[in-house]
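Step one of this worksheet: look at the structure below.
What follows is calculated from the coordinates using simple rules that are stated; it is not laboratory data. Because the structure is a prediction, the values reported are computed rather than measured. Virtual Cβ from ideal backbone geometry, glycine too; neighbours counted across all protein chains shown.
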Amino acid sequence: MDALSRRIVGKVVLAGVGCVSRGDDGFGPVLIRRLAGVPRLSTLDCGDRLEDFTGDIARQRPDTVLIADAVEMGVSPGDVALLEAEDLPLGAGDTHRAPLRAVMEYLKIRTNATVLLLGVQPAYISDVRSLSPQVASSIARLERIFRAGHGCLRQNHAGLALTGIEHER
């Protein structure tokens, strides 16, 4: 937990990636909408084109960039993980125009920020506008963490520190 809280600090940009009309692929945009207005957290809905928003992210001069996206990780639906680009499973996030790993590495170079994926394991990605119960539950849990804290979200001298998001259900 302590190592994690040191990784997500300072000015935090949370970029939601996905398409709300494709089931659990809407995880990122739905999470962003739920977290709008959280103090010291800048949110950005990138739709399904994170690569088109790299300039917007860089202009905010973040210390930490979190990318919220549904990613096939080979775990149970609704499981949440915080991953660096090199930790992504091969092919993860490659349903976008540009591979997620490549965009994360580019953002790291361009912003000199810590860039992490806040990933959720989807139950399904299909032409349906609703989230699976598992992913909806994960969004509710993440919203509680960001909004209420309970030792998971705290202010520090640089802005935010987040703990409590390790690989979990």
In nanometres, the difference between 0.36 nm per residue of separation and the alpha-carbon distance of residue 38 and residue 109 is 22.9 nm
Any residue on another chain or 5+ positions along whose placed amide H is under 5 Å from the amide H of residue 16 is listed here as 44, 45, 46, 68
Inter-probe distance in nm under a simple model that places probes 7 Å from Cα toward Cβ, at residue 124 and residue 76 = 2.0 nm
In Hz, Karplus ³J(HN,Hα) per residue of the stretch 27-33 (6.51, -1.76, 1.60; θ = phi - 60°; x = Gly, Pro) = 3, x, x, 5, 4, 4, 4
For residue 56, what charge total do you get from the other residues with a beta carbon under 15 Å from its beta carbon, if Lys and Arg give +1 and Asp and Glu give -1?
-> +2
How much length is gained if the chain between residue 84 and residue 136 is pulled fully straight, taking 0.36 nm per residue apart and subtracting their Cα-Cα distance, in nm to one decimal?
-> 16.4 nm
